[in-house]
Every structure is written in C-alpha cells, then in structure tokens.
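Beneath this line is the structure, given in structure tokens, with notes to follow.
The values are calculated or read from the model by the stated rules, or taken from the named source; none is laboratory data. Quick caveat: nothing in here was measured; it's all calculated off a predicted structure. Neighbour counts run over all protein chains shown; Cβ positions are idealised from the backbone, glycine included. All accessible areas refer to the heavy atoms of the entire protein, side chains included, with ligands and DNA or RNA removed. Shrake-Rupley method; radii C 1.70, N 1.55, O 1.52, S 1.80 Å.
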Amino acid sequence: MKLVRKDLEKDNAGQVTLIPEEPEDMWHTYNLLQVGDSLRASTIRKVQTESSTGSVGSNRIRTTLTLCVETIDFDSQACQLRVKGTNIQENEYVKMGAYHTIELEPNRQFTLAKKQWDSVVLERIEQACDPAWSADVAAVVMQEGLAHVCLVTPSMTLTRAKVEVNIPRKRKGNCSQHDRALERFYEQVVQAIQRHINFEVVKCILVASPGFVREQFCDYMFQQAVKTDNKLLLENRSKFLQVHSSSGHKYALKEALCDPAVTSRLSDTKAAGEVKALDDFYKMLQHEPDRAFYGLKHVEKANEAMAIDTLLISDELFRHQDVATRARYVKLVDSVRENMGTVRIFSSLHVSGEQLGQLTGVAAILRFPVAELSDQEDGSSSEED
C-alpha cells in the first residue's frame, strides 16, 4: 500500500489518499472502510445521451465520484472490493443523492475521509504501508489424494489451489493403479506450487501431512526436479520445511504453524506471532485459568485491574456497525497499551483469527491471577452479536 497524502485535523477528522499495490491491500482497505465514511475514487458510469436527431444512446464514461459509504462487499478469494453509496459531490454525469457502486482495485488511487480516525485504523495504515508486512510464508497441507496450497500472509490464509485425485487402494500383488494415481496427484501438487508460489518473496514453504506423505512427496518433487533440471525448485530446496499435520484440510495448517521447528523458522513473521499468542492463551487457560479470560466483560474487568499482559482481539470487532460498540473496542486497545500491555490484532481471515472468533473475538493473558473474575457469569458473548 502506498500512502500518497494524509491530512488529519487535531480532532482526528480528515482524509487519506492511498494506492493499493497488492491483492492483500484490498483486505486492509476493507478494514479501513466504515459505513458513513466518504470515499472518492475514479469509476465507470453508464450515461444516456440524446443526439440532435432525438435518438437515445448510452456510453460508459470514466468519472470521479465521492460517495457516502452505505454497504461494503469484499470477496476474499478474488480480493475484490465493492463499495455502494450515494453521491455527495456535484458531478456532471451523476445527480446528487444517486446510488452508485465503486469497485476498488489494485493500482487505482482512492481518497477516504472520516469524521474520526481512531488509533486502530491509523495503525492499520502504518502496517499496510510497511513493505516488511508482505506475505513470506507458503504452505502445502496434504494427505493422500487431497492437498491445499496456501499463502500465509500477515492478515490472511489464502487458499491458492486445491488438488483432489482419487487414489485407489493398494491391492495384494498389484499396486500399479495406486502408484500411478499417487504420482499423478504429486505431479499436480508440484504444478500448483510452481504456479502459485512466488519464490522471490516467500521465505519458507511448509509441507504438512499425516504419516509419510510429506516425505514421499518431497522425494518425488526433487527427483523430478533433478530429471527435468528444474532450477526454480532446486535453488529453493532449502526453503521447504516438512512438518506434521493431522490431515490435508486447511484447518490443519494451524497445527503446522504451532510446530516448534516452524515457530523458530518463522519467528520474524506476524502470522507466527499470532499463532504463538493464541497457543499461549490456550496453555494458560488449561494450567492457570485465573490468568486467562475471554469475552468483552471479563476482559474489560481485567483491564480495569491493570492485569492484562497480552490482549488478543479480532479485527472483525472493529467493523461493528454500531459506532459506540466499535469505540468500546478501540478504547480497550488504547487502555491496554497505556498500561504497557501487548496488543495482538488478529485477522478474521487467518486460521488463528477464525479460532479467536469462536472465543467471542476478544481474549486476554493476565500478568497476575484475578480469581474473582472467574466466579462471575460471562454475559459478554451476547454483546458481541
């Protein structure tokens, strides 16, 4: 993401002009946008024209519109963002108050104005404009006949390819059908890796599976690479890291990211930091339940006692339609930071973020036990709905 201009007043009202450069920047943009914001961007509008003879035609004209945002639609797989709203600035082609949908896309500038830029939104702009936050981990989660090729970015786990091949069972005295199908499956996975993984950016490719599938696959891949003199795979051989997972489904990726060998290898990536924080929370919940809480009411009470060491919170909560509820989450984040606590904002599109969402989207690891909190009934889950 490229920051072109930032004009903020003392009361934090104002506007920023940004250019999304990567598909993931569309996810950041989705998290910046809120209903009631003002969005200015170039768009195409179908305009009816009448000639001097009275015949009516229609032309598609590129124009710049400023909309008051009403609905935001994000397609996570295509990384497309559509914003619908009413026109609030005079335009020769579009009447004031007329509805229009702007499709935001990479490498096209837009200006976003808000009445209040809070700390969480400003931090997201900082992160989005920092090149160190780009995707640097890929993963192949597989079992016999099923594989998912994923990119693990700081904000998302994107499934780039799903490979499914029917593998017949081994028959006594005749394994040829099974072996041929397995070879065909491995070949398709290798093609998906080469097609979807950018080896210039990716630092590490996890190959996760139950049993010996990962070893057999890697042996096959590099034997073929030697036979075909595939320099791309051979030069990047050291980036492949084999780890255990319970299955070839996408959710098994979380286990792979928890593996100590993987954690040390990915210690400088945000994805690993989030997974470790969630893992620490679960361990604390198991061994010292008085130092691990989830649900907004409990976490706020712990914060009042200045007990929060690490706050785990889902970015989904900052997209809440109710301004007061959203402000409550922002206030919690600011307060924890003021009390020298660590705040980890999880992406709801990341595997770890999905898990945190199942725990109401907000959890905390405490510095010291707060026993009286665990005796209260947790009524916070209804507040997040």
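Okay, residues lined up against (1) open to solvent by 60 Å² or more (accessible area, probe 1.4 Å); (2) touching a strand residue (DSSP E or B) at 6+ places or on another chain (Cβ under 8 Å); (3) not assigned by the TED database to the domain that holds I345:
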| position | (1), (2), (3) |
| --- | --- |
| Y186 | no, no, yes |
| L206 | no, yes, yes |
| P210 | no, yes, yes |
| V226 | yes, no, yes |
| N230 | no, no, yes |
| F240 | no, yes, yes |
| S247 | no, yes, yes |
| K254 | no, no, yes |
| V262 | no, yes, yes |
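Of all the listed residues (E288, E274), the sole one being among the acidic types (D, E) and either open to solvent by less than 60 Å² (accessible area, probe 1.4 Å) or closer than 17 Å to T153 by Cα (or both) is E274.
Condition first: open to solvent by 30 Å² or more (accessible area, probe 1.4 Å), of a type in the set (A, V, I, L, M, F, W, C) and without any contact (Cβ under 8 Å) to a residue 40 or more places away in the chain. Now tell me which residues in the range 328-358 satisfy that. Selection gives M340 alone.
As for the range 48-60, it holds no residue that is over 21 Å from F318 (Cβ atoms), surrounded by 20 or more Cβ atoms within 10 Å (Cβ to Cβ) and hydrophobic (A, V, I, L, M, F, W, C). Filtered by the rule that a residue be of a type in the set (S, T, N, Q) and in contact with a helix residue (DSSP H, G or I) (Cβ under 7 Å, 6 or more places away or on another chain), the range 266-317 gives N303, T310, S314. Filtering the range 9-27 to residues that are outside any loop (DSSP other than H, G, I, E, B) and at pLDDT below 90 leaves P23, E24, D25, M26, W27.
Contact map, the range 79-93: first residue among the acidic types (D, E), second residue open to solvent by 70 Å² or more (accessible area, probe 1.4 Å), Cβ cut-off under 9 Å, separation 6 or more or different chains; pairs are E90/M96. Within the range 56-78, being closer than 15 Å to L33 by Cα and not polar (S, T, N, Q) holds for L67, C68, V69, E70, I72, D73, F74, D75. Screening the candidates V262, V299 for the property of being farther than 23 Å from Y220 by Cα, part of a helix (DSSP H, G or I) and β-branched (V, I, T) yields one hit, V299. Right, T360: of a type outside the set (A, V, I, L, M, F, W, C), modelled with pLDDT of 90 or more and part of a strand (DSSP E or B) or not? No.
Could you tell me whether the range 36-45 includes any residue that is hydrophobic (A, V, I, L, M, F, W, C), surrounded by 13 or more Cβ atoms within 10 Å (Cβ to Cβ) and either in the same structural domain as K95 (by the TED database) or touching a residue at least 40 places away in the same chain (Cβ under 8 Å) (or both)? Yes; the residues of the range 36-45 include at least one that is hydrophobic (A, V, I, L, M, F, W, C), surrounded by 13 or more Cβ atoms within 10 Å (Cβ to Cβ) and either in the same structural domain as K95 (by the TED database) or touching a residue at least 40 places away in the same chain (Cβ under 8 Å) (or both). Does V323 satisfy being closer than 24 Å to Q127 by Cβ and crowded, with 17+ Cβ neighbours inside 10 Å? No: the conditions fail for V323. Put simply, of L3, L8 the only residue that is farther than 24 Å from N91 by Cα, in contact with a Phe, Trp or Tyr (Cβ under 9 Å, 6 or more places away or on another chain) and exposed (fewer than 14 other Cβ atoms within 10 Å of the Cβ) is L8.
Scanning the range 90-107 for residues being within 24 Å of K2 (Cβ to Cβ), open to solvent by 90 Å² or more (accessible area, probe 1.4 Å) and out of contact with any Pro (no Cβ under 9 Å at 6 or more places or on another chain) gives a total of 0.
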